[in-house]
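Structure, as structure tokens:
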């Protein structure tokens, strides 16, 4: 059995600091690291 990760974006105002922290250590977390590098800032802050 494999685990699947689903990202749901329900709309403006529902985001909060640290909401993606549970993805850390998951293979998809590397995508966030790549985005941080490309954007020049940390998306987790």
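Just so you know, all these numbers are worked out from the coordinates, no wet-lab data involved. None of the values given here were measured: they were computed from a predicted structure. So basically every Cβ, Gly included, is an ideal-geometry build from the backbone, and we count neighbours across all protein chains shown.
Restricting to the range 2-31, and then to whatever is in contact with a helix residue (DSSP H, G or I) (Cβ under 9 Å, 6 or more places away or on another chain) and in a loop (DSSP other than H, G, I, E, B), can you tell me which residue is farthest from residue 43 (Cα to Cα)?
Among them, the one singled out is 5.
Anything in the range 32-44 that is free of Cβ contacts under 8 Å to residues at least 12 places away in the same chain, outside any helix (DSSP H, G or I) and on the phi < 0 side of the Ramachandran plot? List them, or say none. Before the answer, list the steps.
Of the residues in the range 32-44, the ones free of Cβ contacts under 8 Å to residues at least 12 places away in the same chain are 33-42.
Applying the additional criterion that residues be outside any helix (DSSP H, G or I) yields 40-42.
Result: 41, 42.
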